Amino acid sequence: MAGSSSEIFALFGNPVRHSLSPLMHNATFKRMNIDAHYVPFCVKNLEDAVRGIRGLDIRGVSITIPFKTAVMPYLDEVDESSLRIGAVNTILNDDKGCLKGYNTDWIGLIRDLKESLDMRGKTFAILGAGGAARASVFGILKEGGIPVILNRTVEKGEKMARDFGCPFYPLSEIGNRKADCLINTTPVGMNPDRERSPLAKESLVHFRWVMDIIYNPLKTRLLRDAEEAGCMVLSGAGMFVHQGAEQIKIWKGVEPPRAFMKQIVLERLKERDGN
Ligand code: ATR
């Protein structure tokens, strides 16, 4: 049970049932001896929910699907990266009751990528043009990488390409594109659609690394195909852990134990996958 002095943190999304954030954050708070509890809320009315952050003295919130963009107008401040990406995944309720929005998805992505490759000067083919794609392109540009956007819907991809000043190609042209690293930001292949992939296996030979930001399942069809095509693969679990670690840094101002967080998440995902 939460004591009266315990701090409360929350997850706002809809649905939230399958999220691993409560498991990861609660285990990490405990490990760090932080007296805090992290509670998932399936949000019915976003404006009311955000008002409740102050009313209930919730100290920090993670924002997930489908509210990452919709939440922005309700906040007192939004940092520059979130504005450029157009999405917030973290709220801090500061000591003065000011609600500040941040985006840690892009930091999560580059922290994970940098564990495997030196990003500077490398080319990245980004599949998709939603919020996750925008966070990815933002992070890649920050690290001196060269992103190319590929998307099913041309207008959406072109708009994003204009926003970030990078090239766009329709997804159907993937067979003609080469890059150091391919990153899937579409939901194709996520449980329960584990046998689907956004790409034909033949097109994967043009990439040295293939990353899927999906972490459920840990090894998507895309990653299995990529391994067979001789690529090095990265699941979305690392990015998930790092974006959560960055949230704890924003909320508590301290560096959390990332290896521990990863272990907790991987254990649960392996259980779910039945491995
Ligand atoms: P998020 O904000 O989580 O990134 P999103 O805004 O819904 O999610 O974006 C999902 C991306 O995945 C979109 O770019 C979408 O392509 P469209 O712009 O054509 O809609 C892409 N996507 C979703 N389902 C897809 C599919 N079956 N094949 C290819 N791309 C798909």
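Quick notes on this structure:
- Taking only the alpha carbons of the range 218-258, we obtain Rg and Dmax values of 14.6, 43 Å in that order.
- The modelled label-to-label distance between Lys270 and Ser6, using points 7 Å beyond Cα along the C-beta direction, is 2.9 nm.
- Accessible area of the chain belonging to carbon and sulfur atoms, whole % at 1.4 Å probe: 50
- Exposed trypsin sites (Lys or Arg not before Pro) absent: longest stretch of the chain, with sites in DSSP loops and at most 15 other Cβ within 10 Å deemed exposed: 197-275
- Tilt relative to the chain, helix 237-252 - C-alpha long axis, 0 to 90 degrees, to 10: 30
- At the residue level, Met232 shows approximately 80 square angstrom of accessible surface with a 1.4 angstrom probe and all protein chains present.
- Taking the DSSP beta bridges with both ends in the chain, the antiparallel portion is around 15 percent.
- When the convex hull of its Cα atoms is viewed from all sides, the range 123-275 shows a mean projected area of 9.6 nm².
- Fluctuation leader among Leu46, Leu222, Leu109 - the chain, Gaussian network, Cα springs under 10 angstrom: Leu46
- Estimated from the Cβ-Cβ distance and a Förster radius of 22 angstrom, the FRET efficiency linking Ile250 and Leu23 is about 0.65.
- The heavy atoms of Val254 offer some 60 square angstrom of accessible surface to a 1.4 angstrom probe.
- In this structure the chain gives 47 Å² per residue of accessible area when probed at 1.4 Å with all protein chains present.
- Subset of Lys114/Lys219; Lys114/Lys262; Lys159/Lys249; Lys44/Lys159; Lys100/Lys159; Lys68/Lys219 violating a 22 Å alpha-carbon distance limit: Lys159/Lys249; Lys44/Lys159; Lys100/Lys159; Lys68/Lys219
- Computed across the range 1-91, the Kirkwood radius stands at 13.7 Å (inverse of mean 1/r, all Cα pairs).
- In Å², nearest 10: area of Val233 left accessible to a 1.4 Å probe: 40
The values are calculated or read from the model by the stated rules, or taken from the named source; none is laboratory data. Since the structure is predicted, the reported quantities are computational estimates derived from the model, not experimental observations. Glycine also receives a Cβ, built like all others from the backbone with ideal geometry; neighbour counts cover every protein chain displayed. Only protein heavy atoms, including side chains, enter the accessible area calculation; ligands, DNA and RNA are left aside. Shrake-Rupley method; radii C 1.70, N 1.55, O 1.52, S 1.80 Å.
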